[in-house]
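The values are calculated or read from the model by the stated rules, or taken from the named source; none is laboratory data. In this text, all values refer to a predicted model and were calculated from it rather than measured experimentally. Reconstructed Cβ throughout: ideal geometry from the backbone, glycine too, with neighbour counts over all protein chains shown. Heads up: the accessible areas ignore ligands, DNA and RNA and are worked out on the full protein's heavy atoms, side chains in. Shrake-Rupley method; radii C 1.70, N 1.55, O 1.52, S 1.80 Å.
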Amino acid sequence: MPPKPRIDRVFAHPRPVQPFAFDADVADAFADMAVRSIPGYDAIIRQIGAFARLFVAPQSRVYDLGCSLGAAILAVRESVGTQAHLVAVDNSAAMIERLSVALSSRALHPPIEVRCEDASTTELSDASLVVLNFTLQFLDVPDKQPLLQRVYDALLPGGALVLSEKLTFSDAQELARIESLYYDFKRHNGYNELEIRQKRDALETALKLDTRQAHLERLRAVGFSEVREWFHCLNFSSFLAVR
Ligand code: GEK
């Protein structure tokens with residue numbers, strides 16, 4: 001049995017404002033944090049497994065870029081078994097350590113390849129599916145299109161990218177309304193005002209959010225012919241882009 005995830009209390013005590021970091025504290029609480037902070041997180045993970053059944057080709061590779069604790073790549077594994085080579089990449093040593101421990105207790109054959117590397121520079125090739133599940137939003141703006149271009153270039157014809165992101169909105173009123181609904185979602189999931197405020201402040205500099213329109217345009221600009229927003233809830237969306 002995998003260990004029970006720690007309840008997320010990362011922002012429960014007053015702390016100086018520091019940029020959000022994927023350190024040991026966050027990694028220990030991440031499974032709980034993701035479900036309570038991202039509307040539809042579990043449904044998105046399950047759907048990534050379903051997309052894998054559609055897109056994963058035998059002998060190809062699947063990449064989960066910014067894999068955290070590996071939820072998405074494990075959903076792919078459950079869905080398509082051993083027919084493709086699965087690669088999980090994250091640049092947080094704390095996340096990769098915990099994922100490696102969890103995977104070694106499962107003893108999968110063939111194993112999932114785990115890399116503690118930057119998504120922008122990790123080697124990509126022969127991919128039938130690439131997952132960027134809430135990762136691109138942490139890249140600096142000038143690095144986003146080059147990474148998407150590398151993903152596109154690494155995909156086999158007919159291969160797909162699942163890109164999930166927190167969104168911003170160009171209309172200030174719409175943004176304020178959706179953010180207020182999002183904070184209700186967090187309250188409903190047990191976060192208090194201090195936790196909500198401190199996490200929002202920490203994420204302010206770490207997250208570089210784009211509008212839905214900017215995502216759609218960037219995906220088309222790198223070459224994807226078929227681009228769809230398949231999931232949307234409050235300020236969170238997921239796009240499916242097919243090469
Ligand atoms: C999930 N996908 O559970 N290179 C590699 N990893 C990065 C980079 C980068 N340049 N920047 C950030 N990360 C996961 C959830 S969390 C989303 C993804 C969130 C990693 C970072 O270390 C973290 O593990 C992950 O991207 C983002 O399906 O916390 O909102």
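Points to keep in mind about this one:
- Pairing each residue of the stretch 186-210 that is farther than 16 Å from Glu165 by Cα with any residue that is assigned to a loop (DSSP other than H, G, I, E, B) and among the polar types (S, T, N, Q), provided the two are 6+ apart or on different chains, yields C-beta distances under 8 Å for Ala202/Gln18.
Residues are listed down the side, and each one gets a yes or a no for (1) in contact with an Asp or Glu (Cβ under 6 Å, 6 or more places away or on another chain); (2) open to solvent by 30 Å² or more (accessible area, probe 1.4 Å):
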site	(1), (2)
Ile112	no, no
Asp118	no, yes
Ala127	no, no
Phe134	no, no
Gln137	yes, no
Pro142	no, yes
Asp153	no, yes
Leu163	no, no
Ser170	no, yes
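- So Asp32, is it over 16 Å from Cys116 (Cβ atoms), open to solvent by less than 60 Å² (accessible area, probe 1.4 Å), more than 15 Å from the chain's Cα centre (by Cα) and more than 8 Å from the ligand (Cβ to nearest atom): no
- Screening the candidates Ala57, Ala43, Ala72, Ala52 for the property of being over 18 Å from Gln198 (Cβ atoms), assigned to a helix (DSSP H, G or I) and open to solvent by 10 Å² or more (accessible area, probe 1.4 Å) yields one hit, Ala43.
- Within the stretch 91-104, the presence of a residue that is on the phi > 0 side of the Ramachandran plot and not small (Gly, Ala, Ser) is excluded.
- Residue count, the stretch 60-69 (criterion: crowded, with 20+ Cβ neighbours inside 10 Å and either more than 16 Å from the ligand (Cβ to nearest atom) or assigned to a loop (DSSP other than H, G, I, E, B) (or both)): 5
- Residue pairs meeting the criteria (Cβ under 8 Å; at least 6 apart or on separate chains; first closer than 24 Å to Phe138 by Cβ, in the stretch 100-126; second hydroxyl-bearing (Ser, Thr, Tyr) and away from the ligand (no atom under 13 Å from the Cβ)): Val114/Ser100
- Any chance Gln198 is surrounded by 13 or more Cβ atoms within 10 Å (Cβ to Cβ) and of a type outside the set (Lys, Arg): yes
- Of all the residues in the stretch 70-81, those that are among the acidic types (Asp, Glu) and either under 18 Å from Ala94 (Cβ atoms) or near the ligand (Cβ under 6 Å from one of its atoms) (or both) number 0.
- Each residue in the stretch 92-120 was checked for being over 14 Å from Tyr63 (Cα atoms) and either of a type in the set (A, V, I, L, M) or under 16 Å from the mean Cα position of the chain (by Cα) (or both), and 11 of them qualify.
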